Each structure stands twice: as C-alpha cells, then as structure tokens.
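The values are calculated or read from the model by the stated rules, or taken from the named source; none is laboratory data. Since we're looking at a predicted model, the values are computed, not measured. Here the Cβ positions follow ideal geometry from the backbone for every residue, glycine too, while neighbour counts run over all protein chains shown. Keep in mind that these areas ignore ligands, DNA and RNA; they rest on the heavy atoms of the full protein, side chains included. Shrake-Rupley method; radii C 1.70, N 1.55, O 1.52, S 1.80 Å.
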Amino acid sequence: MTNSIYSLLDHSDGKISPISWEVLAFGQRLAQDLERSLHPLILGRDAAALAQQVRGRKADSILAVQHEQLGEYQPDIYSETLRQILVEDRPDLFLMAHTYQNIDLAPRLAARLKSGLVTDCIGYKRLGDDLLFTRQMFRNKINADVRIHSTPPRMVTLQSGAVSSDDVLQGSCSVAERSVDLSQVEVIRKSLEVVASSKERVDLGKAEIIVAVGRGIKEAENLEIIQELAHVLDAEIGASRAAVDSEWLERSRQIGSSGQTGSPRLYLA
C-alpha cells in the first residue's frame, strides 16, 4: 500500500484528541492532492469503539488496533505495535501530531524502521514529483522546506494549529480491526503513576478563545480590563514572555516556543 497515507489519531478520556482532528484534516488534504488513499490509525484497549468517532469523516478505512497492553502509552509497546503495522502495509507517509508523547515515540519508531522523519511541520509543497515539508526554525523566524530521502514510510509530525480541525471533510468509511503480537516485547520503561496537572495550571491547548497580553498593557493594573474582556468572551488569558517575566501573570499562561501552543477558534492579542 505504498500509495497510501496513514495518520495516527491520539486519544484521551475516551475521545479523539483535538490535535488529531487537525492531523486528519492535513492527511485528507495530502491524500486529495496526491491522489492517494487515507487510513487513520487508532491504538488502544478500546480502539474499535474510538474508531466510531471517526466513521463520519472522509477516509478510505479506519485501522483499529485493539490490545489490552495498549491501554496506556508505553513507548516499547506502542513502537512495536506501529512497527508491525507499518512494515506489513508499507504506506508512503505516516502522519502524527507533534505532541509530547509523539516527540518520544516518533524518533524511536523512525530508528526502528530506518525511515526519514520531519518534525513539527506546518505544511507541504509539491516540487515536480517531489514532496517538501515545511518546518519553522530559529524560533519561527524562517521556514525550511525539507525533502525526506528514505524508503517508505516517510514520517511527519504536525505542529498544533498548522491546519484547522474545522477543515476535516465529512464522509464515511469502514473500520478494519487489526491485530499485533506483543508477546515478545521487552518493556524497559514502565509507567508507575499518571498524575493530573494542578488545577491552577491552564491548558491553553484546549482553549476555544484566547485573549493574550504583553508589554502593550503597560502595567499589571491594566490586567483588570483584560480580565473583564476574557470573562465576557468566556476566554482564557495568555501572556507573552515579557508579561510573565514582569510577573503580571503566572508562567502557566505563557504562549510561544518557550510556553504553550494551541489552535483556538479566536485569538485576540
């Protein structure tokens, strides 16, 4: 299936992650542009049930890999699962969200497959028969177009906000359940406990609306105006590094390369 595109859909608390819808939209755009088939891939203890959330979207088939050991993210288990699927199917491209989990997973998987990997991409370009992936460098000051020289599958992680989840095309597709053999996997790293972040920490990645502030508000006393606006809009407040360094807002609200990233529907700055 070298004329195919696979996209990994992450999930948590029984729901497909917001950034994974962006990955799906990116995959749909690529598949349409390159005239290739698209196959979203879901790993999990209840992968078949999660796949039902995707059935109303345009794709050729959803691959649901269900196994008891896939209940929680474990790098040795996940990388071996994906290795087996990708070696058997050999898609041309494999897309993933650029998340903390996949930053751990993608290089490990690429090394095992001896595949090329481009991380944190924001788009792509066609140059004749070549496909170039665009990623930002030097704190997003310049864009680099990268060509992957490797045998399939070529691997790409997508930056949050590079495309909109609203661009996901509706349609229908079947669910194909896949099995893997994990009996010989040696688990080197074990997860002992999952600890939720403190309630005080703001997850700007999930915010629908963000009102961001920086040096322009002049002084901390002017935050009251921003807080009133955020309350009316039911928005979260974000901050530049300068605002955080000035101790106008806590560091958990910092936005940017040294803070959080997100893809809100409305962003005021």
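Looking at the stretch 136-168, which of its residues are assigned to a loop (DSSP other than H, G, I, E, B), farther than 20 Å from residue 92 by Cβ and open to solvent by 50 Å² or more (accessible area, probe 1.4 Å)?
If the condition is that a residue be assigned to a loop (DSSP other than H, G, I, E, B), farther than 20 Å from residue 92 by Cβ and open to solvent by 50 Å² or more (accessible area, probe 1.4 Å), then 138, 139, 140, 141 are the ones that fit.
Among the numbered criteria (1) in contact with a Phe, Trp or Tyr (Cβ under 8 Å, 6 or more places away or on another chain); (2) open to solvent by less than 50 Å² (accessible area, probe 1.4 Å), which single criterion is violated by residue 101?
(2)
Identify the residue in the stretch 214-269 that is loosely packed, with under 15 Cβ neighbours inside 10 Å, free of Cβ contacts under 8 Å to residues at least 40 places away in the same chain and of a type in the set (S, T, N, Q) and, among all such residues, is farthest from residue 202 (Cα to Cα).
Per the stated criteria, the residue is 222.
Could you list all residues from the stretch 69-114 that are among the charged types (D, E, K, R), part of a helix (DSSP H, G or I) and more than 16 Å from the chain's Cα centre (by Cα)?
Of everything in the stretch 69-114, those that are among the charged types (D, E, K, R), part of a helix (DSSP H, G or I) and more than 16 Å from the chain's Cα centre (by Cα) turn out to be 76, 80, 83, 88, 89, 108, 112.
Modelled with pLDDT under 95, buried (at least 18 other Cβ atoms within 10 Å of the Cβ) and of a type outside the set (Gly, Ala, Ser), is that true of residue 19?
So residue 19 fits the description; yes.
Residue 189 is checked against (1) touching a residue at least 40 places away in the same chain (Cβ under 8 Å); (2) of a type outside the set (Val, Ile, Thr); (3) surrounded by 12 or more Cβ atoms within 10 Å (Cβ to Cβ) and fails just one. What number does that condition carry?
Unmet for residue 189, out of (1) touching a residue at least 40 places away in the same chain (Cβ under 8 Å); (2) of a type outside the set (Val, Ile, Thr); (3) surrounded by 12 or more Cβ atoms within 10 Å (Cβ to Cβ): (3).
Does residue 87 qualify as being closer than 17 Å to residue 182 by Cβ, in contact with a Leu (Cβ under 8 Å, 6 or more places away or on another chain) and open to solvent by 20 Å² or more (accessible area, probe 1.4 Å)?
For residue 87, the condition - closer than 17 Å to residue 182 by Cβ, in contact with a Leu (Cβ under 8 Å, 6 or more places away or on another chain) and open to solvent by 20 Å² or more (accessible area, probe 1.4 Å) - is met.
Could you list, in sequence order, all residues of the stretch 37-60 that are over 19 Å from residue 167 (Cα atoms), open to solvent by 10 Å² or more (accessible area, probe 1.4 Å) and not in a loop (DSSP other than H, G, I, E, B)?
Residues satisfying the conditions are 48, 49, 50.
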